[in-house]
1. Could you check, for region 229-249, whether at least one of its residues is in contact (Cβ under 8 Å) with a residue 24 or more places away in the chain and in a helix (DSSP H, G or I)?
2. How many residues, within region 365-385, are assigned to a loop (DSSP other than H, G, I, E, B), surrounded by 20 or more Cβ atoms within 10 Å (Cβ to Cβ) and within 37 Å of the chain's Cα centre (by Cα)?
3. I need the full set of residues from region 423-460 which are of a type outside the set (G, A, S), more than 25 Å from L411 (Cα to Cα), surrounded by fewer than 17 Cβ atoms within 10 Å (Cβ to Cβ) and in contact (Cβ under 8 Å) with a residue 12 or more places away in the chain, in order please.
4. Can you work out which of the residues in region 314-348 that are hydroxyl-bearing (S, T, Y) and not in a loop (DSSP other than H, G, I, E, B) is farthest from the chain's Cα centre (by Cα)?
5. State whether the residues of region 54-73 include one that is more than 14 Å from the chain's Cα centre (by Cα), surrounded by fewer than 18 Cβ atoms within 10 Å (Cβ to Cβ) and more than 22 Å from T480 (Cα to Cα).
6. Check A301 against each of (1) open to solvent by 30 Å² or more (accessible area, probe 1.4 Å); (2) out of contact with any Leu (no Cβ under 7 Å at 6 or more places or on another chain); (3) assigned to a helix (DSSP H, G or I) and name the one condition it does not meet.
7. Given the conditions (1) surrounded by 13 or more Cβ atoms within 10 Å (Cβ to Cβ); (2) at pLDDT 90 or above; (3) assigned to a helix (DSSP H, G or I), and given that L123 satisfies all but one, which numbered condition is not satisfied?
8. Residue under question is W153, and the condition is that it be open to solvent by 30 Å² or more (accessible area, probe 1.4 Å) and within 30 Å of T286 (Cβ to Cβ); does it hold?
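The values are calculated or read from the model by the stated rules, or taken from the named source; none is laboratory data. The structure presented is a predicted model; accordingly, all values stated were derived computationally and were not measured. Counting neighbours? That spans all protein chains shown, and the Cβs are built from the backbone with ideal geometry, glycine included. We work out accessible area using only protein heavy atoms, side chains counted, and drop any ligands, DNA or RNA first. Shrake-Rupley method; radii C 1.70, N 1.55, O 1.52, S 1.80 Å.
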Amino acid sequence: MASTLGDTDRRPFVSCLLGLYGCRWRRQRGSSTPPGDCCCSKLEGASFALLVVVFCLTLLFLYFWGQAKNDYNDFDWFNFGNMGFWFPWSVVLLVIGAVFFSYTAMLMLLAICLLSQSQKLCLHWSHKVGLMVSLTFAIVAIAIMADLWSQEWTTLLLSFQVTAPYLHVGGVLLMTTLAWPVALHFFHMASRAWRGLILSVYLTFLLVLYLVPLGLYSPCIRHEGSLGPPPAVIGHRGAPMLAPENTLMAFKKAVEAGSEGLETDVTISYDGVPFLMHDRTLRRTTNVHQVFPNRTDASAAMFMWAELQRLNAGAWFLSSDPFNTVNSLGEEDRLQAENQSICSLQDFLWLAARTDKLVIFDLYRPPTGHPYRDTWIHRTLDVIHNETSIQPSQVLWLPPELRSEVVDMDLGLQQTSGTELPLWELHKNHIVKLNLHYTSLSAQRISAYAAMKISTNLYVINEAWLYSLAWCSGAHSVTTNDPQLLHAMRRPLFLMTPDEYNFMWIVTDVLSLLLIVAVFAFHRYKHMHRPPPPNTRLSRLHK
């Protein structure tokens with residue numbers, strides 16, 4: 001033969017692969033796969049199957065958690081509510097997921113390279129332990145996310161409307177690359193059953209990948225000139241990446257960032273002053289534990305306004321750095337943020353009136369025993385009508401309680417529903433806008449409501465890809481923690497005409513098919529012109 005097994009094993013590249021995959025750094029005879037043999041024993045075959053499963057699961061989790069970045073802040077504050085302390089668990093989980101995926105991806109690449117070099121697979125026991133740890137993490141993480149945060153699966157499905165064309169190209173590229181080891185072992189093996197199994201599995205996956213675009217839908221694949229205007233941006237609790245949420249500074253930053261509207265949450269103090277606070281308690285966003293240590297878990301509505309004014313509502317932002325943006329702030333902004341106080345509804349509305357911005361807010365009913373328990377709606381309307389100069393048309397009235405009474409009191413308010421209702425009920429309640437979670441995003445429903453003169457606002461959208469999807473779907477506005485980013489976008493991240501997409505799809509599949517055919521033809525040629533094994537040649541000489 002032109003080369004021996006020893007020659008093969010002495011090649012530095014193969015020796016490195018064997019060392020990294022199986023910790024076999026010394027040259028060993030018999031590490032190559034003889035013609036007609038399987039690439040590994042049954043045990044190592046099971047190990048390779050485990051590697052493939054773990055690779056797929058860690059990839060799924062990493063993709064899932066990467067697309068969930070839009071809601072990292074909600075996840076971290078959810079954990080704060082359960083644990084009592086702030087920590088960026090979302091980023092930690094992302095890093096751990098990336099490490100496990102990188103590890104399994106490296107082993108997959110090593111295995112494919114070894115198979116391409118006709119080497120037997122023999123995974124070291126330490127890697128098998130590592131795979132079991134990676135598998136445990138992926139299963140536990142996916143199970144917990146599916147149970148506690150199931151809405152993120154909808155986010156995952158939405159992301160495919162933007163990423164699927166590129167995932168398709170990546171998947172076809174991967175399957176095309178695998179053609180080399182598949183063809184090598186297809187012609188290498190003596191068993192027709194194994195050859196048929198290998199080829200049928202490979203071609204099935206390949207065919208599915210080729211045809212995936214037939215089932216793809218994306219509102220961002222549309223005809224030239226059919227894209228509508230970008231959705232208006234509404235600052236969620238202001239601009240909470242640039243200033244402490246629900247403070248006057250945060251809303252001024254949102255105005256400076258180009259927001260067309262401001263969103264907040266309103267609670268009523270014990271003495272009847274509506275103020276801005278998202279949480280039921282003051283623990284997360286104020287220093288209540290220092291000023292009122294015995295009332296840390298008390299309802300925010302049970303404090304007098306004078307007591308609320310004693311609290312600092314900005315220092316937590318600098319210490320927690322919830323969006324990892326504090327380092328981008330100048331010294332003046334940091335000093336201003338550190339000295340923010342709780343903002344009243346009156347001051348908030350005065351700012352909106354001066355800057356001609358829309359406002360939308362959740363209104364929390366005070367707890368039992370509160371003096372304004374039954375008059376909280378009227379007290380809030382009193383502030384709007386008598387204590388500020390804001391126009392009713394600037395207010396998107398969201399609270400569903402006593403809506404008919406509110407309509408009778410002020411027809412100028414833009415009645416807004418936080419839930420999807422039958423059209424007759426929407427018209428009965430004078431609804432002109434829907435305020436829906438972004439997981440309700442649907443171009444068809446948005447278009448149907450628009451035909452009835454009902455606009456749609458989606459919350460909370462922070463990522464450019466999700467804003468792009470809302471834009472392509474025809475959403476009229478979005479609520480966001482990142483108005484400075486979304487307002488600066490001039491076009492969706494992903495936008496193609498049907499002809500452009502079909503061209504990309506067909507060219508990718510055709511080139512892949514041609515390459516795969518060429519690879520199989522090459523290995524068939526090598527197989528047909530391969531010299532016979534030494535024992536066959538010797539037997540012929542004896543004859």
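1. Here is the first cut: in region 229-249, the residues in contact (Cβ under 8 Å) with a residue 24 or more places away in the chain are 230-249.
Of the ones still in play, those that are also in a helix (DSSP H, G or I) are 248-249.
Scanning region 229-249 turns up at least one residue that is in contact (Cβ under 8 Å) with a residue 24 or more places away in the chain and in a helix (DSSP H, G or I).
2. Of the residues in region 365-385, the ones assigned to a loop (DSSP other than H, G, I, E, B) are 365-375.
Next, from what is left, pick out any that are surrounded by 20 or more Cβ atoms within 10 Å (Cβ to Cβ): 366, 372.
So of that shortlist, the ones also within 37 Å of the chain's Cα centre (by Cα) come out as 366.
Residues meeting the conditions: 1.
3. We begin by selecting, within region 423-460, every residue of a type outside the set (G, A, S); these are 423-439, 441, 444-446, 449, 452-454, 456-460.
With the extra rule that they be more than 25 Å from L411 (Cα to Cα), the set shrinks to 437-439, 441, 444-445, 459-460.
Next, from what is left, pick out any that are surrounded by fewer than 17 Cβ atoms within 10 Å (Cβ to Cβ): 437, 439, 444-445.
Hits for region 423-460 are H437, T439, R445.
4. Keep residues of region 314-348 that are hydroxyl-bearing (S, T, Y), which gives 319-320, 325, 328, 341, 344.
Still in the list and also not in a loop (DSSP other than H, G, I, E, B): 319-320, 328, 344.
Working: S319: 26, S320: 22, S328: 24, S344: 34 Å.
Ranking the qualifying residues of region 314-348, first place goes to S344.
5. Step one: of region 54-73, the residues more than 14 Å from the chain's Cα centre (by Cα) are 54-58.
Applying the additional criterion that residues be surrounded by fewer than 18 Cβ atoms within 10 Å (Cβ to Cβ) yields 56.
From the residues that got through so far, the ones that are more than 22 Å from T480 (Cα to Cα) too are 56.
Within region 54-73, one or more residues are more than 14 Å from the chain's Cα centre (by Cα), surrounded by fewer than 18 Cβ atoms within 10 Å (Cβ to Cβ) and more than 22 Å from T480 (Cα to Cα).
6. Of everything listed in (1) open to solvent by 30 Å² or more (accessible area, probe 1.4 Å); (2) out of contact with any Leu (no Cβ under 7 Å at 6 or more places or on another chain); (3) assigned to a helix (DSSP H, G or I), A301 misses just condition (1).
7. Exception for L123: condition (3).
8. Details: open to solvent by 30 Å² or more (accessible area, probe 1.4 Å): yes; within 30 Å of T286 (Cβ to Cβ): no.
Criteria not met by W153.
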